[in-house]
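Report on one structure; see the data block that follows.
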Amino acid sequence: MLRIVCCISLCLVASHALAAEGKIYRTVDANGNVVFTDVPPKDQTDAVQLSPGTNYRAPTAPRAIAQQPERATASEDSPEYLPEEVGYSQLSIVSPANDEAVRENAGNLTIQLQVSPAWDATRGHSIQVFLDGTLVQTSASTRVTLANIDRGTHGLSARILSGSGEVLANATPITFHMLRHSVLFSRPAP
């Protein structure tokens, strides 16, 4: 089966390369083998009509969230007021690491965030987690679990919001690779 697929692939590549120079002809020899050639056969004058090639456009990278934190603008009398010395100076994604391969057949991912100074959930702050530029979870914890992530490469980012919805800190986006078992790659039983 693999030989047939390789032969067909090779014929298609060759036919596309030859199509740029001229016409392609298809014949069947005495043994029933299909032959593609750029030389017109004596008994056939019709050329093979080739379809245009398939074009692949890679997906765009996930949108990055602005790196500079916005400062709270509420007055000192309001509950949303966050004095400068209590603000978050850093938010980072500790786990998974940037460019890490995560082997998890169910597609579950545990994200561990690090906040400096220490996380203070009592102030009504929340953490938003973005997967491939899309908000997937809002949490009051620095440990977040996502379920059933598709296999492949993904972008991950996070940010801290005040109770009024102002951005207090952003994490530097990372990339990770979700590896999940596939029946397509299973070995046949001996």
Filtering the range 86-110 down to residues that are among the aliphatic types (A, V, I, L, M) and touching a Leu at 6+ places or on another chain (Cβ under 7 Å) yields L91, I93, V94, A101, V102, L109
Have a look at A47, A106 and point out the one that is modelled with pLDDT of 70 or more, surrounded by fewer than 12 Cβ atoms within 10 Å (Cβ to Cβ) and either among the aliphatic types (A, V, I, L, M) or part of a loop (DSSP other than H, G, I, E, B) (or both). A106
So, first residue of a type in the set (G, A, S) in the range 168-182, second residue at pLDDT below 90, Cβ within less than 6 Å, six or more apart or across chains; the pairs are A169/P69; A169/Y88; A169/L91; A169/I160; A171/L91
Given the criterion touching a Gly at 6+ places or on another chain (Cβ under 9 Å), over 17 Å from L91 (Cα atoms) and open to solvent by less than 50 Å² (accessible area, probe 1.4 Å), identify the matching residue among F130, F176. F176
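Filter the range 133-151 down to the residues that are of a type outside the set (A, V, I, L, M), within 20 Å of S164 (Cα to Cα) and touching a Ser or Thr at 6+ places or on another chain (Cβ under 8 Å), then identify the one that is surrounded by the fewest Cβ atoms within 10 Å (Cβ to Cβ).
Step one: of the range 133-151, the residues of a type outside the set (A, V, I, L, M) are 133-134, 137-139, 141-143, 145, 148, 150-151.
Cutting the leftovers down to within 20 Å of S164 (Cα to Cα) gives us 137-139, 141-142.
Filter once more, so that each one left must be touching a Ser or Thr at 6+ places or on another chain (Cβ under 8 Å): 138-139.
Working: T138: 11, S139: 16.
Among them, the one singled out is T138.
The values are calculated or read from the model by the stated rules, or taken from the named source; none is laboratory data. No experiment lies behind these values; they were computed from the predicted model shown. All Cβ positions, glycine included, derive from the backbone under ideal geometry; neighbour counts span all protein chains shown. All accessible areas refer to the heavy atoms of the entire protein, side chains included, with ligands and DNA or RNA removed. Shrake-Rupley method; radii C 1.70, N 1.55, O 1.52, S 1.80 Å.
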